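Student: Could you have a look at this structure, given as structure tokens, before my questions?
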Protein chains: 2
Amino acid sequence: MGIEFQILHKDKYTRARVGILKTAHGSFETPVFMPVGTYGCVKSMSPDDLIETGTKIILANTYHLYLRPGHKLIEELGGLHRFISWNHPILTDSGGFQVFSLAKLRKITDEGVLFQSHLDGSKHFIRPEDAISIQRSLGSDIIMVFDECAPYPVEKGYIEKSVQRTTEWAKRCLTAMKGNRDQAIFGIVQGGVYMDMREKSAKELVQMDFDGYAIGGLSVGEEKEIRNRIVRETVPLLPTAKPVYLMGVGKPEDIIDAVTAGVDMFDCVIPTRNARNGTLFTKEGKIVIKNACYSKDERPVDEDCDCYTCRNFSRAYLRHLFTTKELLVYRLNTIHNLFYYQQLMEEIRKAILEDRFMEFREEFYKRINKKEENLC
Amino acid sequence: MGIEFQILHKDKYTRARVGILKTAHGSFETPVFMPVGTYGCVKSMSPDDLIETGTKIILANTYHLYLRPGHKLIEELGGLHRFISWNHPILTDSGGFQVFSLAKLRKITDEGVLFQSHLDGSKHFIRPEDAISIQRSLGSDIIMVFDECAPYPVEKGYIEKSVQRTTEWAKRCLTAMKGNRDQAIFGIVQGGVYMDMREKSAKELVQMDFDGYAIGGLSVGEEKEIRNRIVRETVPLLPTAKPVYLMGVGKPEDIIDAVTAGVDMFDCVIPTRNARNGTLFTKEGKIVIKNACYSKDERPVDEDCDCYTCRNFSRAYLRHLFTTKELLVYRLNTIHNLFYYQQLMEEIRKAILEDRFMEFREEFYKRINKKEENLC
């Protein structure tokens, strides 16, 4: 279909691997991090800014774009890439997660989901076929199936029904993709925290032969150890030749754990949302830029960082901009945090390619475990 | 002192002229427009963005920087240029205007002004000497005297006293500048809408031999015709060899009128504030980007504009970003409006240099007078 995935190198001691994923709008190496551009814009960032941070692919939200400005409008204007002036890969989620977390849910049937917009309360009925049709209009490079995101915690009986429905919907999504040569489609493994449900979900999806597989329904409140176990045990159920995407994860340490387990793709709002809240990532730990200790601090956020923000501005200036609520600071902070994430991914790929991923991982943990004492 | 001003060309039929002003942080051609960077940041813009719009000098607000982060802190960190990473000319206003318009004014005496911060109600007493000392700490290239900005409308008796005080304060400001070789200082002609008061003010200031002269206390609610007359009649009272700065003006047509009268320097929040409110300047008139007529408009804001925004984004996308309150739109709009203003200044300078400023002016008026019918 619309993508080609090639594995360049596998780690000797873990399932970590470096690959290259080719889409209709260009290629990128994996493991890859996708910043979240909810409304067709990674908050505060221009396409040029994203390129400068090392971003190669972004995620956009089908649910949000369906409501505003509408997928038909975007299609009329030549598709999402053109609309947002980003001539590089885009993955769209299916809207499933947002319908279940953001909208006022009215009714789930086997046919689809009736929900009310979180914006104006208007009612919408979305079937799996609609979710695909919308994503086809948007023209994203990677389409996600429409899945049911179960709440957490929830009893196993609910998950059983939910997994069955997600499988049925996945089939209908595949059918709705017929004739589509430019776009790829990923299935989403659900099953909550029940490994037998995850196995069932993975098995059924793998039979359908998707272009890639996502692990969904995690990062919803479960313990980190539970999530790590689910990821670790789910990846081996998926075909090694296909890319694996862990949805909505996560913190740098979570990403490293998941890479170890064999995950290739990630998205998360943490770097961008934290940036807007004034929390900045550094190799020595996190900086809360509003803290008074930075008021006269002439150093950049991270002395080893080569991002636009660190090349030009001091912690003192960023703190001043944050204190006075100057719009510029949200952009400067976001540039830094995304650069940090993309550098991390670059280092991960390099470590895997050089057969020293486990050393890298240990170094990383040692560094973040001593971080608290270093920062004010 | 800290600047050199050279007149390159004078218009044959008006007082319009092109000059070059050399400061400790570089030179620029006049007539020049200075974007307003209240807190040491032109709202939403990075230094690189400003350069891209053609901006050569910015204005910063002494009053705001005195309150946050404090001039002593900025001085400790190497001065304002370094603090904000802008290695180009900066003019600081004296804080006079803000004390009289923004702060809660407590008491004006001949000694100085007692006011309460608009932020936290804290009390501050600022003498003319303090205003200079603060601006010396900031290290701006052009310092403004501390003046009394009279309210409008107000009876002539008030203006008489106010002009007298402004003259006294100007003398004290000059004394406080002693030994300062890097920074220049401009006097500010006051006098409200009373031409005899303006004459008195100008005469007294000119005797003190400032590096340049500003016309202050306008754009405070008076009619456009009155302002134009005051400017037209005040400029000839000032030495032709010195730069003339009309404070807080204005709309493109106001700038053209003032250039005609012989003004060299301008500052105004209109392009930046309008940008954030979604009003965009084009050669055909103003665009209110939230209007529904732009929802499917694939054209850039201005088809003849070469700014980053117009090179990359459609009106439809800007409208979408504005509707969804995406932070990026405030920057993209500001880039466009400042580029428009700086292009206008470039065209004004070119027209003067090519001895066709009056034709340019007539063309400009013809264009903006037919604008309303063209835009939705």
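The values are calculated or read from the model by the stated rules, or taken from the named source; none is laboratory data. Just so you know, these numbers come straight off a predicted model, no measurement behind them. Every residue, glycine as well, gets a Cβ built from its backbone with ideal geometry; the counts of neighbours run over all protein chains shown.
Student: Just one of (1) of a type in the set (A, V, I, L, M); (2) part of a helix (DSSP H, G or I); (3) in contact (Cβ under 8 Å) with a residue 12 or more places away in the chain trips up A:VAL154, so point out which.
Tutor: A:VAL154 satisfies all of (1) of a type in the set (A, V, I, L, M); (2) part of a helix (DSSP H, G or I); (3) in contact (Cβ under 8 Å) with a residue 12 or more places away in the chain except (2).
Student: Here's another thing I want to ask about it. Among (1) in a strand (DSSP E or B); (2) touching an Asp or Glu at 6+ places or on another chain (Cβ under 6 Å), which single condition is B:GLY187 missing?
Tutor: Condition (2) is where B:GLY187 drops out.
Student: Let me ask you something else. Go through region B:48-57 and count every residue that is of a type in the set (A, V, I, L, M) and either surrounded by fewer than 21 Cβ atoms within 10 Å (Cβ to Cβ) or away from chain A (no Cβ under 13 Å) (or both).
Tutor: Here the count works out to 2.
Student: Which of the residues belonging to region A:135-151 are assigned to a helix (DSSP H, G or I) and buried (at least 24 other Cβ atoms within 10 Å of the Cβ)?
Tutor: A:GLN135 - this is the single residue of region A:135-151 that is assigned to a helix (DSSP H, G or I) and buried (at least 24 other Cβ atoms within 10 Å of the Cβ).
Student: Please indicate, with yes or no, whether at least one residue in region A:361-370 is facing another protein chain (nearest Cβ under 9 Å) and either more than 21 Å from A:GLU253 (Cα to Cα) or touching a residue at least 60 places away in the same chain (Cβ under 8 Å) (or both).
Tutor: no
Student: Can you name every residue in region A:304-319 that is under 25 Å from the mean Cα position of the chain (by Cα) and either over 12 Å from B:SER85 (Cα atoms) or acidic (Asp, Glu) (or both)?
Tutor: Residues satisfying the conditions are A:CYS305, A:ASP306, A:CYS307.
Student: With the requirement that a residue be modelled with pLDDT of 95 or more and either farther than 12 Å from B:PRO243 by Cβ or in contact with a Phe, Trp or Tyr (Cβ under 7 Å, 6 or more places away or on another chain) (or both), what does region B:1-11 give you? Steps first, answer last, please.
Tutor: Here is the first cut: in region B:1-11, the residues modelled with pLDDT of 95 or more are B:3-11.
Matches in region B:1-11: B:LEU8, B:HIS9, B:LYS10, B:ASP11.
Student: Test B:THR30 against the criterion of being over 17 Å from B:ASP130 (Cα atoms), polar (S, T, N, Q), surrounded by 20 or more Cβ atoms within 10 Å (Cβ to Cβ) and modelled with pLDDT of 95 or more, and give yes or no.
Tutor: Values: over 17 Å from B:ASP130 (Cα atoms): yes; polar (S, T, N, Q): yes; surrounded by 20 or more Cβ atoms within 10 Å (Cβ to Cβ): yes; modelled with pLDDT of 95 or more: yes.
Yes.
Student: Looking only at residues that are away from chain B (no Cβ under 14 Å) and of a type in the set (Phe, Trp, Tyr) in region A:60-116, which one is surrounded by the fewest Cβ atoms within 10 Å (Cβ to Cβ)?
Tutor: Taking the candidates together, the pick is A:PHE100.
Student: For region A:313-330, name all the residues that are part of a helix (DSSP H, G or I) and either among the hydroxyl-bearing types (Ser, Thr, Tyr) or at the interface with another protein chain (Cβ under 7 Å from one of its Cβ atoms) (or both).
Tutor: A:ALA316, A:TYR317, A:HIS320, A:LEU321, A:THR323, A:LEU328, A:TYR330
Student: Oh, and also: With in contact (Cβ under 8 Å) with a residue 60 or more places away in the chain and farther than 21 Å from B:LYS251 by Cα as the only criterion, which of B:ASN291, B:ASN312, B:ASN337 stands out?
Tutor: B:ASN291
Student: Among the residues of region A:193-218, write down those that are assigned to a helix (DSSP H, G or I) and among the acidic types (Asp, Glu).
Tutor: Within region A:193-218, A:ASP196, A:GLU199, A:GLU204 qualify.
Student: On to the next question. Within region B:1-24, which residues are in a loop (DSSP other than H, G, I, E, B) and within 27 Å of B:ARG356 (Cα to Cα)?
Tutor: Within region B:1-24, B:ASP11, B:LYS12, B:TYR13, B:THR14, B:ARG15, B:ALA16 qualify.
Student: Would you pick out the residues in region B:4-47 that are away from chain A (no Cβ under 14 Å) and in contact with a Lys or Arg (Cβ under 6 Å, 6 or more places away or on another chain)?
Tutor: Those that are away from chain A (no Cβ under 14 Å) and in contact with a Lys or Arg (Cβ under 6 Å, 6 or more places away or on another chain): B:GLU4, B:ILE7, B:LYS10, B:ARG17, B:VAL18, B:PHE28, B:GLU29.
Student: While we're here: So how many residues does region B:198-230 have that are surrounded by 22 or more Cβ atoms within 10 Å (Cβ to Cβ) and of a type in the set (A, V, I, L, M, F, W, C)?
Tutor: Of the residues in region B:198-230, 7 are surrounded by 22 or more Cβ atoms within 10 Å (Cβ to Cβ) and of a type in the set (A, V, I, L, M, F, W, C).
Student: Identify, by number, the condition in (1) surrounded by 15 or more Cβ atoms within 10 Å (Cβ to Cβ); (2) farther than 23 Å from B:PRO35 by Cα; (3) away from every other protein chain (no Cβ under 11 Å) that B:HIS336 doesn't meet.
Tutor: (2)
Student: A further question on this structure: Just checking, how many residues over region B:184-217 are under 18 Å from the mean Cα position of the chain (by Cα) and either modelled with pLDDT of 95 or more or within 13 Å of B:VAL244 (Cα to Cα) (or both)? Before you say what the answer is, go through the steps one by one.
Tutor: Residues of region B:184-217 that are under 18 Å from the mean Cα position of the chain (by Cα), as a first pass: B:184-190, B:211-217.
From what is left, the residues that are either modelled with pLDDT of 95 or more or within 13 Å of B:VAL244 (Cα to Cα) (or both) are B:184-190, B:211-216.
Result for region B:184-217: 13.
Student: Scan region A:319-335 and tell me whether some residue there is under 25 Å from A:ILE20 (Cα atoms), in contact with a helix residue (DSSP H, G or I) (Cβ under 7 Å, 6 or more places away or on another chain) and modelled with pLDDT of 95 or more.
Tutor: First, the residues of region A:319-335 that are under 25 Å from A:ILE20 (Cα atoms): A:335.
Filter once more, keeping what is in contact with a helix residue (DSSP H, G or I) (Cβ under 7 Å, 6 or more places away or on another chain): A:335.
Now drop any that are not modelled with pLDDT of 95 or more, which leaves A:335.
The answer is yes, given that some residue of region A:319-335 is under 25 Å from A:ILE20 (Cα atoms), in contact with a helix residue (DSSP H, G or I) (Cβ under 7 Å, 6 or more places away or on another chain) and modelled with pLDDT of 95 or more.
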